[in-house]
Amino acid sequence: MYTKEQLKRLLIPLMFEQVLTALIGSVDTIMVTNIGSAAISAVSLVDSLNILIINIFAAMATGGAIICAQYLGSNQKEKANQALKQLIFSVTLISILITIPCILFRKPLLTLIFGSVEKSVMDNSLSYLFITALSYPFIALYNAGAASFRTSQNSRLPMAIAFGSNILNILGNVFFIFTLSLGVSGAALSTLLSRIISALIILILLKQPKQDLYVDSYLSIRPEFQSIQQILKIGIPTGIENGMFQFGKLVIQSTVSTMGTTAIAAQAMVAMLESFACQASIGIGLGMMTVVGKCVGAKEYEQARHYTILLTKYAWIACFICCAMILFPIKQITSLAGMETESAKLAIWLTRIVFTYKMIFWTPSFLPGYGLRAAGDVKFSMITSTLSMWICRVVVTIFLVHTFRMGPLAVWIGMGADWTIRSFIFLARFKSNKWLEHTVI
């Protein structure tokens with residue numbers, strides 16, 4: 001169903017989008033560090049909540065994209081466009097319902113999640129959450145629109161908008177933080193404006209009827225509960241999976257915070273580099289959902305299997321290259337980051353261990369899952385990922401830290417165990433063909 005040229009046009013922009021967004025996001029974080037320790041702490045705390053909520057919107061977009069892809073694969077273009085309208089309606093309603101309590105009850109919410117913090121940190125957190133919460137509907141709409149364009153095999157447009165949005169965010173930081181001296185409020189305003197502009201651009205471009213998926217009129221959208229149920233059937237398990245994954249990371253982060261400044265600094269550096277190294281492969285995974293979704297919609301199950309294997313191989317190569325590009329110059333990277341000697345030594349040692357293992361086991365633990373979700377096998381993916389995450393990453397890490405005093409190495413032993421177990425489970429599920437037995441549309 002896809003030529004090599006079509007796959008290239010779909011996957012390369014997705015890979016660049018993920019890598020560039022991660023890279024520019026790191027620059028954004030560095031700029032915020034100039035405000036002060038209270039501001040950094042506030043942004044870090046609130047962003048952990050923001051990421052959790054944004055994952056909900058991303059899961060909704062995933063659910064809608066899979067429905068649209070399967071309809072397009074079965075040559076039901078009109079139903080695909082109806083599903084897109086229901087996706088727009090759903091994410092708008094859900095994002096507003098999440099935004100309102102996050103704004104009205106932001107102080108008790110932050111107190112409940114993070115406990116007692118210094119007054120300066122809490123004041124900054126309240127300001128940052130108020131403004132960034134206003135951006136929830138816009139990031140939700142952007143995610144829905146970007147997913148629809150990728151499903152239409154136009155991944156260049158979301159890449160261009162994401163890149164422009166990140167540049168705009170950085171320029172906004174320069175203006176609001178350094179020129180107007182607005183502190184964390186300035187950083188939040190920059191984020192809000194960039195998300196508003198991104199959402200408006202993608203919603204305007206979705207009205208073009210020449211593409212596979214488009215919206216003829218936003219004002220004419222009315223809820224169709226059957227379509228919404230189809231989207232939620234995919235989106236809710238995916239959202240739970242993403243949410244539990246993020247929540248587990250917060251638990252691990254709180255464990256690391258007890259290890260001392262050297263360990264915390266080293267762990268933060270390795271975690272940032274590890275996340276960056278898999279962004280290109282994640283881009284391929286996003287493309288896999290479009291490709292496999294269309295194959296399943298067309299009932300071309302052998303092609304669905306073929307492309308899941310092929311794109312997993314591509315992601316493996318991308319992961320290997322990205323890991324190597326970080327692994328070999330790791331000494332220079334820690335030096336440029338200005339790390340203290342002991343932290344740098346620990347970070348270099350951990351990076352060499354983690355990246356060597358990551359090259360082998362990360363890809364099969366994540367990429368087949370994208371194919372399974374595209375076929376509608378979302379509950380299996382949710383249960384497997386959640387159990388593996390909590391048993392291996394959380395329980396094993398806490399046990400090794402408190403029993404054997406292993407420090408940050410315990411985090412990566414737990415993560416490596418998670419990658420290994422998930423690899424075998426997902427590969428066994430893929431081989432069984434049970435993932436192709438689900439009915440989505």
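The values are calculated or read from the model by the stated rules, or taken from the named source; none is laboratory data. Every value quoted in this text rests on a predicted model; they were computed, and no experiment measured them. Cβ placement follows ideal geometry from the backbone for every residue including glycine, while neighbour counts extend to all protein chains displayed. The protein model used for the area step is the full one, side chains on, heavy atoms only, and it has no ligands, DNA or RNA in it. Shrake-Rupley method; radii C 1.70, N 1.55, O 1.52, S 1.80 Å.
From helices alone, the chain scores -28000 deg cm²/dmol at 222 nm; the rule is -39500 (n - 2.57) for each run of n ≥ 4 DSSP H residues, then divide by the residue total. By the rule of a C-alpha distance below 26 Å, with chain neighbours fewer than 8 residues away ignored, the lysines paired with LYS107 are LYS119, LYS249. For the range 199-293, chymotrypsin sites (Phe, Trp or Tyr not before Pro) meeting the loop criterion (DSSP other than H, G, I, E, B) and having at most 13 other Cβ atoms within 10 Å: TYR218. Surface composition of the range 230-368: carbon and sulfur atoms hold 68% of the protein heavy-atom accessible area at a 1.4 Å probe. Bridging of LYS207 to aspartates and glutamates at a Cα separation below 15 Å is possible for GLU78, ASP216, once same-chain residues fewer than 8 apart are set aside. For the residues ARG373, ARG150, ARG222, a GNM of the chain with alpha-carbon springs under 10 Å puts the largest fluctuation on ARG222. Accessible surface for the range 294-441, divided over its residues, is 48 Å² per residue with a 1.4 Å probe. Taking θ as phi - 60° and the Karplus parameters 6.51, -1.76 and 1.60, the scalar couplings of the range 288-296 work out to 4, 5, 5, 5, 5, x, 5, 4, 5 Hz in sequence order, x denoting glycine and proline.
Among 1-8, 51-58, the peptide with the highest mean count of other Cβ atoms within 10 Å heads the list, and the full ranking is 51-58, 1-8. A full extension of the chain between LYS313 and LEU427 corresponds to an added length of 39.7 nm, given 0.36 nm per residue minus the alpha carbon distance. When the P(r) of the range 62-161 is calculated, the portion above 17 Å amounts to 61% of the C-alpha pairs. Once both labels are positioned 7 Å from their Cα atoms along Cα-to-Cβ, the gap between ILE326 and PHE399 label points is 2.7 nm.
Placing unit charges on each Cβ (+1 for Lys and Arg, -1 for Asp and Glu) gives the chain a dipole about its Cα centre, and among SER190, TYR218, LEU200 the Cα reaching farthest toward its positive end belongs to TYR218. Peptide packing: for 427-437, 234-244, the average count of neighbouring Cβ atoms within 10 Å per residue gives the ranking 234-244, 427-437, highest mean first. Each residue of the range 129-140 was assigned a 3J(HN,Hα) from its phi angle through the Karplus expression (A = 6.51, B = -1.76, C = 1.60, θ = phi - 60°), giving 5, 4, 6, 5, 5, 4, 8, 4, x, 6, 5, 5 Hz with x at Gly and Pro.
For a straight C-alpha distance cut-off of 20 angstrom, the lysines reachable from LYS210 (same-chain residues fewer than eight places away being disregarded) are LYS77, LYS79, LYS85, LYS294.
For the range 385-401, putting each phi into the Karplus relation 6.51 cos²θ - 1.76 cosθ + 1.60 with θ = phi - 60° gives couplings of 5, 5, 5, 5, 4, 6, 6, 7, 5, 7, 5, 4, 4, 4, 4, 5, 5 Hz, in residue order, rounded to whole numbers and with x for Gly and Pro.
Whole-percent P(r), the chain, all Cα pairs, 20 Å bins from 0: 25, 60, 16, 0. Summed over the residues of the range 1-111 and divided among them, the accessible surface reaches 44 Å² per residue at a probe radius of 1.4 Å. Rounded to the nearest 20 debye, the dipole size of the range 129-242 about its Cα centre is 140 debye, using +1 on the Cβ of Lys and Arg and -1 on the Cβ of Asp and Glu. Note on THR258 and LYS345: with the Förster distance fixed at 22 Å, the Cβ-Cβ geometry gives a FRET efficiency of about 0.60. Modelled spin-label separation between ILE391 and LYS8, with each label point placed 7 Å from Cα along the Cα-to-Cβ direction: 4.4 nm. Using a probe of 1.4 Å, the accessible surface attributed to LYS345 totals some 120 Å² when neighbouring protein chains are kept in position.
Here the accessible area of the range 385-428 is 83 percent carbon and sulfur, with a 1.4 angstrom probe and all protein chains present. Surface composition of the range 98-158: carbon plus sulfur atoms contribute 65% of the solvent-accessible area (1.4 Å probe, protein chains only, all chains present). Ranked by solvent-accessible area (1.4 Å probe, protein heavy atoms only, all chains present), the residues CYS322, CYS295 order from largest to smallest as CYS322, CYS295. A protection proxy built from the mean count of other Cβ atoms within 10 Å ranks the segments 118-124, 41-47, most packed first, as 41-47, 118-124. Farthest towards the positive end of the charge dipole of the range 28-150, among the residues ALA38, GLY64, ILE51, is the Cα of GLY64, using unit charges on the Cβ of Lys, Arg, Asp and Glu.
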